[in-house]
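Colleague: The following block contains the structure, expressed as structure tokens.
The values are calculated or read from the model by the stated rules, or taken from the named source; none is laboratory data. Predicted model, so just to flag it, every value in this text is computed and none were measured. Counting neighbours? That spans all protein chains shown, and the Cβs are built from the backbone with ideal geometry, glycine included.
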Amino acid sequence: MIKKIEKLQTIINSHKPFSNEILRLWQEKLRIDWTYNSNAIEGNTLTYGETAFFLREGLTSEGKPLKDYLEAKNHAEAIDYLLDVIKGNREITESFIKELHALLLKDIHFTYAKVNNGEFIKKPLNAGKYKTLPNHILTISGKIHKYTNPIHVKDDMEELIKWLNKKKSMNIIEKACIFHYKFVAIHPFDDGNGRMARLLMNLILMKAGYPPCIVKNINRRKYLENLEMIDLEKKYHPFIQFICEELLSTQKTMLDILEGKKDMNTDYSKTMNRYDREEKIMNSIGKNPISISQIMEEMPQIKRATLKSDLSRLLKTKKIQRNGVGKGALYLKS
């Protein structure tokens with residue numbers, strides 16, 4: 001996989017220097033794709049179209065929380081900041097990580113945390129500062145996973161930075177992936193740790209000349225399962241393989257833009273992106289089997305042929321299952 005990535009990067013680099021127009025189009029798409037997917041993985045409710053329209057036009061939709069728009073604005077600004085950091089060749093340090101976190105959570109003063117009785121409470125946030133209270137998560141497999149105790153966070157973060165600077169001989173893609181896992185395993189902040197891990201992983205990749213790896217929300221379950229596999233079995237390979245697949249996908253998108261194969265002038269306020277459609281399909285299916293006609297009732301703006309194509313793709317990636325054939329086929333989540 002790494003050889004494929006290196007080969008494709010050579011082809012991308014052959015198009016340099018990029019024209020100002022191509023660079024502008026790519027960076028605009030990058031901000032939208034990266035912001036939407038990274039925030040959606042963490043529960044942000046903005047659709048791809050809403051994210052794109054907000055970042056392009058500054059306009060919001062009714063019924064969506066202000067916090068979701070703040071997260072989109074802050075994440076996009078964090079990406080811009082990373083691009084400036086790369087130009088300045090700044091090193092990754094604890095102080096830099098805290099600066100990035102402060103930008104990512106700017107004007108967001110609380111998050112919701114689930115307590116023992118299952119209820120959600122408002123938990124105050126301290127942007128740019130390490131956590132002072134323990135945090136844990138319910139994993140994909142249903143187990144409680146506890147992160148580094150607050151009293152050990154500074155020591156663990158110092159060790160992580162030393163590890164990053166020490167492993168000079170390690171392939172940079174592997175290093176970026178393992179750094180991502182080690183950062184998440186510490187979970188140094190009250191909130192934003194997943195987004196921070198992906199920002200920092202991509203900063204490592206981008207400093208080495210690669211585009212960022214956009215971990216897509218549609219692949220959220222596989223992403224979290226591979227991270228959990230490291231917790232349980234100390235196996236990095238599946239996670240590195242997954243990140244490589246997502247990085248290849250980003251590279252192919254970039255190459256399509258460079259070769260003029262992708263139209264970047266889409267009106268996202270009127271056109272539904274593939275990821276939007278797949279997300280809505282998954283939400284429509286829910287826990288109970290559903291027919292294609294029932295899905296169409298909830299998504300009348302999508303043509304039947306397009307819906308069939310989306311369902312076929314979801315079946316191939318094993319995100320959904322199908323019982324029966326023809327008009328009697330029912331779809332359910334895997």
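Colleague: Exactly one of (1) of a type outside the set (Val, Ile, Thr); (2) in contact with a helix residue (DSSP H, G or I) (Cβ under 6 Å, 6 or more places away or on another chain); (3) in contact (Cβ under 8 Å) with a residue 24 or more places away in the chain is unmet by SER61. Its number?
Modeller: It is condition (3) that SER61 fails.
Colleague: Sort through ILE97, ILE92, ILE79 and tell me the only one that's assigned to a loop (DSSP other than H, G, I, E, B), β-branched (Val, Ile, Thr) and modelled with pLDDT of 95 or more.
Modeller: From the options ILE97, ILE92, ILE79, the qualifying one is ILE92.
Colleague: Let me ask you something else. Being polar (S, T, N, Q) and either at pLDDT 95 or above or not in a loop (DSSP other than H, G, I, E, B) (or both) narrows it down to one of SER38, SER61, so name that one.
Modeller: Among SER38, SER61, only SER38 is polar (S, T, N, Q) and either at pLDDT 95 or above or not in a loop (DSSP other than H, G, I, E, B) (or both).
Colleague: When the stretch 317-334 is examined, which residues are found to be surrounded by 14 or more Cβ atoms within 10 Å (Cβ to Cβ), assigned to a strand (DSSP E or B) and touching a residue at least 24 places away in the same chain (Cβ under 8 Å)?
Modeller: Within the stretch 317-334, ILE320, LEU330, TYR331, LEU332, LYS333 qualify.
Colleague: Is there a residue in the stretch 239-246 that is at pLDDT below 95 and either part of a helix (DSSP H, G or I) or not assigned by TED's automatic domain parsing to the domain that holds ALA176 (or both)?
Modeller: no
Colleague: When only residues in the stretch 113-130 that are modelled with pLDDT under 70 and surrounded by 12 or more Cβ atoms within 10 Å (Cβ to Cβ) count, which is farthest from LYS143 (Cα to Cα)?
Modeller: ALA113
Colleague: Looking at THR51, THR35, THR93, which one is in the same structural domain as MET196 (by TED's automatic domain parsing), in contact (Cβ under 8 Å) with a residue 40 or more places away in the chain and surrounded by 19 or more Cβ atoms within 10 Å (Cβ to Cβ)?
Modeller: THR35
Colleague: Return the pairs, sorted by first residue and then second, in which the second residue is of a type in the set (Lys, Arg) and part of a loop (DSSP other than H, G, I, E, B), the first residue lies in the stretch 225-236 and is farther than 14 Å from LYS146 by Cα, the beta carbons are less than 6 Å apart, and the residues are 6+ apart or on different chains.
Modeller: MET229/LYS235
Colleague: Taking the stretch 271-316 as the search range and keeping residues that are among the β-branched types (Val, Ile, Thr) and either in the same structural domain as LEU46 (by TED's automatic domain parsing) or assigned to a helix (DSSP H, G or I) (or both), which one is modelled with the highest pLDDT?
Modeller: The qualifying residue modelled with the highest pLDDT is ILE292.
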